[in-house]
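Have a look at the structure below, then the notes.
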């Protein structure tokens, strides 16, 4: 954060708190779901996958962030940077895919509740999740190899305190931005934009189904099951959309504002997802309280 060097110690304390809370929160979710057979249902299996993804995002980004703010360690090797690019972007795509699967789960539960158990079995959910993970990992696989092919001479300073594909690409000697931007844009369209579009469509169908229900109480009860998922969607996609808009107007937008939004995009979903789901899911909350009181 340029111009904020005098408060780096306080910033590092905030990041340490976020890191610890995220690791503990997601680890508790994983432990509770794994050890309690009554939670081995599609919704909680998807939450399990989301918690693993959130842990991966935290572990991929936070060490270099804390290195900058806590230890003034501002260097990273090229190979380590390329590896970080791969893991951050792959896990972001996986998170988007998990949110899409969760939307599909809510769509089936509300649209066709009598057939929910037969349509979305735990085994089928796991298979669908693995397919989407393989898709995300495969789409991002060429990125580090594309970056490794180039020589870097424009600068050695990255915009963020972690490595992102567009950020590293700007440092290359050759004018390679057009072809690589086209590839990066196509990957983003196939994943993030398409996922968000399908999630939006599924909620249109959900609201249409809920509005057709005569009883207001039943409608509110059905919508209440979606609140935690809607919160997760807002936490993940809102900073992404705002950042995409700011990058289009990079000259006029605040650099500090972009940096803060990028931290929100990377760090807030892993921090807040376990808290939101623990508060909104009665079954999960009851299991967590029971374990801690024991």
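The values are calculated or read from the model by the stated rules, or taken from the named source; none is laboratory data. Treat the numbers as computed from the prediction; the structure is a model and nothing was measured. Don't worry about glycine lacking a Cβ; one is built from the backbone with ideal geometry, like all the others, and counts go over all protein chains shown.
Just checking, does the range 60-71 include any residue being in a helix (DSSP H, G or I), modelled with pLDDT of 90 or more and surrounded by 23 or more Cβ atoms within 10 Å (Cβ to Cβ)?
Yes: the range 60-71 contains one or more residues that are in a helix (DSSP H, G or I), modelled with pLDDT of 90 or more and surrounded by 23 or more Cβ atoms within 10 Å (Cβ to Cβ).
Residues that are more than 20 Å from the chain's Cα centre (by Cα) and at pLDDT 80 or above: find the helices (runs of 4 or more DSSP H) completely inside the range 119-199 holding 3 or more of those.
122-140, 142-148
Check the range 136-151 and report whether any residue there is surrounded by 13 or more Cβ atoms within 10 Å (Cβ to Cβ), within 30 Å of residue 76 (Cβ to Cβ) and touching a strand residue (DSSP E or B) at 6+ places or on another chain (Cβ under 6 Å).
Yes, the range 136-151 contains a residue that is surrounded by 13 or more Cβ atoms within 10 Å (Cβ to Cβ), within 30 Å of residue 76 (Cβ to Cβ) and touching a strand residue (DSSP E or B) at 6+ places or on another chain (Cβ under 6 Å).
Among the residues of the range 11-28, is any farther than 18 Å from residue 272 by Cα and in contact with a helix residue (DSSP H, G or I) (Cβ under 7 Å, 6 or more places away or on another chain)?
yes
Being part of a helix (DSSP H, G or I) and surrounded by fewer than 19 Cβ atoms within 10 Å (Cβ to Cβ): is that true of residue 81 here?
In short, no.
Name every residue in the range 34-43 that is surrounded by fewer than 21 Cβ atoms within 10 Å (Cβ to Cβ) and either in contact with a helix residue (DSSP H, G or I) (Cβ under 9 Å, 6 or more places away or on another chain) or at pLDDT 90 or above (or both), in order of residue number.
Those that are surrounded by fewer than 21 Cβ atoms within 10 Å (Cβ to Cβ) and either in contact with a helix residue (DSSP H, G or I) (Cβ under 9 Å, 6 or more places away or on another chain) or at pLDDT 90 or above (or both): 34, 35, 36, 38, 39, 40, 41.
Tally the residues that are in contact with a helix residue (DSSP H, G or I) (Cβ under 6 Å, 6 or more places away or on another chain) and either modelled with pLDDT under 80 or surrounded by fewer than 17 Cβ atoms within 10 Å (Cβ to Cβ) (or both), restricting the search to the range 225-239.
1
Count, please, the residues in the range 265-280 that happen to be farther than 18 Å from residue 84 by Cα and within 12 Å of the chain's Cα centre (by Cα).
Total satisfying the criteria: 5.
Please tell me if residue 288 is surrounded by fewer than 15 Cβ atoms within 10 Å (Cβ to Cβ), more than 24 Å from residue 161 (Cα to Cα), touching a residue at least 40 places away in the same chain (Cβ under 8 Å) and out of contact with any strand residue (DSSP E or B) (no Cβ under 7 Å at 6 or more places or on another chain).
No, not satisfied.
Give 46, 132, 57 a once-over and let me know the one that is within 21 Å of residue 226 (Cβ to Cβ), surrounded by 21 or more Cβ atoms within 10 Å (Cβ to Cβ) and in contact with a helix residue (DSSP H, G or I) (Cβ under 9 Å, 6 or more places away or on another chain).
46
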